[in-house]
Structures are given as structure tokens and as C-alpha cells.
Amino acid sequence: MWYNDGRTKIEIIMKTATIVGAGLAGSLWAVYLAKAGYKVTLFERRPDIRLAEIQAGKSINLALSHRGWEALRAVGVDHHVNELAIPMTGRVMHSIAGELTYQPYGQEGQAIYSVSRGGLNAKMMNLAEKEYGATIHYNMQCTSGNLDEGIVYLTNKLTGEKTEHQSDIVFACDGAYSALRYNAFQKLDRFNYSQEFVADGYKELLLPANEDGSYKLDKNALHIWPRGRFMLIALANEDGSFTCTLFMPFEGDENAFDKINTKSEIETFMKTRFPDFYDMCPDVVEQWGTHPLSSLAIMRCYPWTHGKAALMGDAAHATVPFYGQGMNASLEDCHTMGRLMEEHNHNWEAIFKAYQEERKPNGDAVQELSKHNYLVMRDFVADPDFLLQKKFENRIQELYPEKYLALYSMVSFSSIPYAEALKKGMEQDVYMKTLMKEHDIEALMNDGKIDDLIHRIFKDKLVVN
Ligand code: FAD
């Protein structure tokens, strides 16, 4: 590895780097750069989250999977995150009647992990600052930049003072609504940009722990209440609670945010659509009233680099959260940029060119995958044919792991580039649907004969795609 090969940090000349945004991508990228010997300065719009009091009901978590872990592992900081991570080995679907159906995510021993956003961010900021010497300036809002000169323009949010900061390289890690993208990249000739708000919004709700601190649901699963055009999901927090998210259209029929306003409308909606959840969460009506309704958007743009600056994470490829991959893709950007930094021996012109050529197709693919998985979570996980296909695929994967990797496994348990996973996954889906038409898979499973069929088909097959 480039940072671990015995070289004294920077044999190369000491370079300065500015990172705008100390969120998930920015704080990890600071560790990468500082470990490689760069003098790193981060500017963050918010106050220091490590000093802010965590308010009840404000605990937000994310699903961390293989790509995110690999990005952490590559700079040796994964063990700092282990203690925050709650493994989720599969989905538990909750029907209206309260029946539970479990669907494993992958093979025995595979899991995705529920991790506190604030906890992960604070850990990375500590490492960047205290272990590797990066400097973080808080309450400093970037307003724009000069990409050719490596300058960022800043406003101190407490004093209103305006300053600028120049360095050898600049990274915009300032999220979906990136100011550097909006006010600098988007002013460039031939810079493409599009923004697509999906029809659905989301509201976060907190399912508290039992009085003795225990969990009300299985903490080692991601819980889904799929209801067709809307759904509720829940991921465990370390303190026994679950952070739950209701996704639903802003406008529409009776199941839309604009139709549910009064206390009695909220109560009726929750009681009839999510009865088991309603029984466990007595203050859901109050929470509905006080928790904000947020929107979701996909942002596409290109090029991702210009002059001395690059876009990373959501600033480059913000997506909807339905595959649980936005953060993972953002951390993978750091991993890729770190690898390219070594391959191109800190020649930033070459690194930026290779970075955007390699990552842009994957950014596009993660956005497609996220849109597709919305349908999977909302509709298909309650569809018996879909569940049967998943069971069939799981069994194929168990028997012939070297020949068949289901799409979910490619995305969540491998580093296969997103674009390749998307293409392969779509081809496999067509193939699976053909097999399901040609054979009575359900009967074969019930009769214990499914393995015979799988062996017949896959024994001499090379690779499925
Ligand atoms: P951010 O985490 O948004 O960080 C940007 C940082 O920049 C922030 O600290 C911000 O304060 C700062 N900033 C912004 N503007 C400025 C400025 N002008 N000047 C200075 N600083 C600035 N992803 C997953 O992988 N798994 C999940 O389960 C998952 N669940 C999600 C659920 C929801 C409801 C949502 C909305 C997203 C979810 N995501 C998930 C996506 C994930 O949150 C993002 O992809 C990830 O946060 C991107 O990281 P980032 O560092 O690029 O941006």
C-alpha cells in the first residue's frame, strides 16, 4: 500500500490540500491525505458535531457494507468503526397482519452493518485531526472557489468575516448541495449538471428501547414494512432504539404526506398501515408533528475535476438512499483516489483524469441501482415470485459461488465496479426469469429436488451473465 511501504511519508514534496466539508467522505479523505504526508485543512460549515449534545430522537444511522469497510481498511481505520457497527444479516418484512418473513442478505457470515452517522463522522474527524495532524475549521462555509488557482472562498458563520484559502489541491466533499460545485464547477463552460427530485419524501421516527434498554425488534436485521407505494424501514442503534424512516409520496392518494395532517389522520394512517409498529411506538403522532419532512434527489454532473479541484462523494453523485450505497460509494471514491494517488505518484493531473474516468460510470450505476432498489424494497419484497427467485438465486450462489453472484451480493458484498454489477445483474435477472418459466422452482424446492436442477444447469457452465 502506498502509505505503508516504508517510505518516509512524503518523499515527494510537501503538498497542501484543502477539503471542503468534514462529513463522511471529507473526514475519511483527510485521513488518506494526511497519512500520505499532505498538509490537510478542512473547512466545515457546521459547528463541531463532537461538542454538540445529541438530542433524543436525533440518532441517525446508515448501512455500511463491503465497499465502505474496504475504504476504511485500506488506511487501517476499520477497527475504530467495529465498535459502532451492528451486523444485519438479512431483511425482516412486516406484513399488515403482523407476519414476519426473513430474507438473508447473503451467505452465512455475511452482513451489512448499522452504524451511527454522527459516531462514524466523529471517529474519522478525531483520527484526521488528532492522529494525523489535519486541521479542521468549523463554522466555515465555503461560498465558491477558483478551481484553476486552488482557492476556496469562505464565510465565517459566527462572525460573518470573509476569507480565502489557497492550496495545491482542493476537494469538494460538501455533499449533495455542494457550494463548490454550484458556484464554481457549474459556472464552467460545458459542465453538465442535472438534478432530479423523486416523488417521495421521508420522515424519520424513533422507536425507543424497552424500559430495560432491550430492543423491541431483532437488532440484527433491517426491518421493512413494504406497502406498495410507500414503506417504513428500521435500523438498530446502539442504545436499544431503532431509527425508522417512512418513505412516501409528497402528493397523491390517501397514502401521501399531503393527505395526512391532523392528529387523527396520522393516527389512523399508522394504526391501519403499520399496526405492529403503532403498538410499539405510542408517541408516533407527536413525533410526526415535530420531525421534518425531507426530500430526495439524484444529482448527476460531469466533469468531476477541473484545474486543481475535484468533486467527491455526494457532491459528485448524490443518490436516493434505497440501496444503502450513497455513503459506501462516497467512501469508495476515497479508496479509488488513494489508489490512483499511488499509481500516478502524486501527479494530480494524471490522478484527476483517471479518477473521473473510472468513477463516473460507477456513480451513474449506483444511481440506477438505487432507483431500482426502491421498487424492490417497496413492492417486490412482498411479492412471492420475487422471494422465490431470491431463494433460488441464494441456493445457486451457495452451490456455485464461483459461478453465480446475485446482484445484491455484487453490490453489497464485493468490490465489483457498480457499472459492471448493474450490467451483470440485469442480464442475470433475465436468465433467472427464463429458468423460473421453464421449471416449477417452487415444487422442486418443496420436493427437495432443487439441487439436482441447479447441478444439471450449472455444473458445466462457465460463468453466468
Ligand atoms: P455529507 O455526509 O452530506 O457531508 C457533507 C459535509 O459538508 C457536511 O458535513 C456538511 O455540513 C458540509 N458542508 C456542506 N456545505 C458546505 C459548505 N458550503 N461549506 C463547508 N462545508 C459544507 N448511504 C449509505 O451508504 N447507506 C445508508 O444506509 C444510507 N442511508 C441514507 C438515508 C437517508 C435518509 C439519506 C438522505 C441518505 C442515506 N445515505 C446512505 C447516503 C449518505 O448519507 C450520503 O451518500 C453520504 O452522507 C455522502 O457523504 P458526503 O461526505 O459526500 O456528504
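The values are calculated or read from the model by the stated rules, or taken from the named source; none is laboratory data. This is a predicted model, so every value here is computed, not measured. Don't worry about glycine lacking a Cβ; one is built from the backbone with ideal geometry, like all the others, and counts go over all protein chains shown. Only protein heavy atoms, including side chains, enter the accessible area calculation; ligands, DNA and RNA are left aside. Shrake-Rupley method; radii C 1.70, N 1.55, O 1.52, S 1.80 Å.
General observations
- Rounded to the nearest 20 debye, dipole of the chain from Cβ charges on Lys, Arg, Asp, Glu: 860
- A dipole drawn for the chain from +1 and -1 charges on Cβ atoms has a positive end, and of Gln428, Tyr102, Val81 the residue lying farthest that way is Val81.
- Listed by chain and number, the aspartates and glutamates whose alpha-carbon sits under 13 Å from that of Lys259, ignoring those within fewer than 8 places in the same chain, are Glu251, Glu267.
- When each of Lys187/Lys424; Lys216/Lys371; Lys219/Lys403; Lys308/Lys423; Lys423/Lys461; Lys15/Lys157 is checked by Cα-Cα distance, pairs over 26 Å: Lys187/Lys424; Lys216/Lys371; Lys219/Lys403; Lys308/Lys423; Lys15/Lys157
- Of the chymotrypsin sites (Phe, Trp or Tyr not before Pro) found in segment 169-207, the ones in coil according to DSSP and having at most 13 other Cβ atoms within 10 Å of their Cβ are Tyr177.
- Surface composition of segment 76-201: carbon and sulfur atoms hold 47% of the protein heavy-atom accessible area at a 1.4 Å probe.
- Residue-by-residue Karplus 3J(HN,Hα) for segment 15-27, coefficients 6.51, -1.76, 1.60, Hz, glycine and proline x: 10, 9, 9, 10, 10, 9, x, 9, x, 5, 6, x, 6
- Shape category assigned to the chain from the gyration tensor of Cα positions, a/c cut at 1.5: oblate
- Leading residue at positive end of dipole, segment 407-465 (Cβ point charges), from Ile441, Ile457, Pro417: Pro417
- Listed by chain and number, the aspartates and glutamates whose C-alpha is less than 19 Å from the C-alpha of Lys35, apart from same-chain residues fewer than 8 away, are Asp5, Glu11, Glu70, Asp78, Glu129, Glu131, Asp168, Glu332, Asp333, Glu342, Glu343.
- Normalised per residue, the accessible area of the chain is 44 Å², obtained with a 1.4 Å probe and no contribution from ligands, DNA or RNA.
- Value at 222 nm in deg cm²/dmol, rounded to 500, when DSSP H runs of n ≥ 4 in the chain each add -39,500 (n - 2.57): -11500 deg cm²/dmol
- Loop-resident sites, segment 107-192, for GluC sites (Glu not before Pro), counting at most 10 other Cβ within 10 Å (DSSP): Glu108, Glu161
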